[in-house]
Amino acid sequence: MPQGNWFRSDSGTRWFFDAGAPSLDFAYLGGFPDDAFGPASGLPGAGWDGLLLPADLGDWLSERYEGLGSAPTERELLDARSLRDAIARLALCAADGHTPDTRDVDLLNLYAATPDVPPSLAGGSRQAGAGRLRVGQAMSSVARDAVTLFSTVGFLGEADRRIKRCAADDCGLVFHDDSRAGSRRWCSMPKCGNRAKVRAHRARAAATRFPDN
Ligand SMILES: [Zn+2]
């Protein structure tokens, strides 16, 4: 399954952000409040919504799940938006060490309790379930991913926290660090990582030229 989303920032730059988990990528379709991140987050501006139309949901899902049977309905879009917003709020709690709202946990569990996308082994003579996948099953898979994620990382600021904010102060995007060493610091190396390296390099160079004593 492809991970991550392409964004076009207000300045028109197109950039790729892998939030480290399918459920977090889903939350980034407009689920986070406008004030959740800094000005350099690179997300589209205020009022942007990646799930405005049923077709937006259909596009995102069909890039990730094969055999979607029919286009999402308005009702399914509304459900998807409420799931998206709940995952975003839970992700902020996990990143900032806050206790989550029980209503968000209940909502997530409700979606996760319905049938999800069944696993299938490639290489058979026919594609199992082709064209019969329901939107609700895909939503359940997204919800189950979030349940597994938040169950694993917890909410109250454990030392080895794997849900992090980008280390750039003016960005602060939330992601799941799924690197083996747990050493991911940036939302994206081209966007924030290199910027920070350049700043650090300049600071070192200035310190060499103008030593304190
Ligand atoms: Zn960043």
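Where only DSSP H runs of four or more residues are counted, the chain gives -12500 deg cm²/dmol as its mean residue ellipticity at 222 nm, each run worth -39500 (n - 2.57). For the chain, the orientation-averaged shadow of the C-alpha convex hull comes to 15.0 nm² (one quarter of the hull surface).
Accessible surface for the chain, divided over its residues, is 56 Å² per residue with a 1.4 Å probe. 3J(HN,Hα) along region 202-210, derived from phi through the Karplus expression 6.51 cos²θ - 1.76 cosθ + 1.60 where θ = phi - 60°, amounts to 4, 5, 5, 4, 5, 5, 6, 6, 10 Hz, with x in place of Gly and Pro. May I ask which residue of Pro2, Thr148, Cys93 lies farthest towards the positive end of the charge dipole of the chain, with charges of +1 (Lys, Arg) and -1 (Asp, Glu) on Cβ and the Cα centre as origin? Towards the positive end, the residue furthest out is Pro2. A simple spin-label model places pseudo-atoms 7 Å from Cα toward Cβ; at Ala207 and Phe16 they are separated by 3.4 nm. With R₀ set to 22 Å, the beta-carbon distance separating Thr102 from Thr148 gives a calculated FRET efficiency near 0.70. As a fraction of the 1.4 Å probe accessible area of region 24-154, surface on carbon and sulfur atoms comes out at 54 percent.
The shape of region 1-107 comes out oblate: with a ≥ b ≥ c from the C-alpha gyration tensor, a/c is at least 1.5 while a/b does not beat b/c. Averaging Cα coordinates gives a centre for region 179-213 and one for region 61-139; these two points are 37 Å apart. Report note on the peptides 203-210, 69-76: ranked by the mean count of other C-beta atoms within 10 Å, highest first, their order is 69-76, 203-210. Taking Cβ atoms as reference points and 9 Å as the exclusive limit, the residues near Arg89 contribute a net charge of -3, counting Lys and Arg as +1 and Asp and Glu as -1. Treating r as the C-beta distance of Ala181 and Leu156 and R0 as 30 Å, the FRET efficiency rounds to 0.85. Relative to the Cα centre, the charge distribution of region 5-209, modelled as +1 at Lys and Arg Cβ and -1 at Asp and Glu Cβ, gives a dipole magnitude of about 1060 debye.
The values are calculated or read from the model by the stated rules, or taken from the named source; none is laboratory data. Only a predicted model underlies this, so the values are computations on that prediction, with no experimental measurement involved. Glycine also receives a Cβ, built like all others from the backbone with ideal geometry; neighbour counts cover every protein chain displayed. We work out accessible area using only protein heavy atoms, side chains counted, and drop any ligands, DNA or RNA first. Shrake-Rupley method; radii C 1.70, N 1.55, O 1.52, S 1.80 Å.
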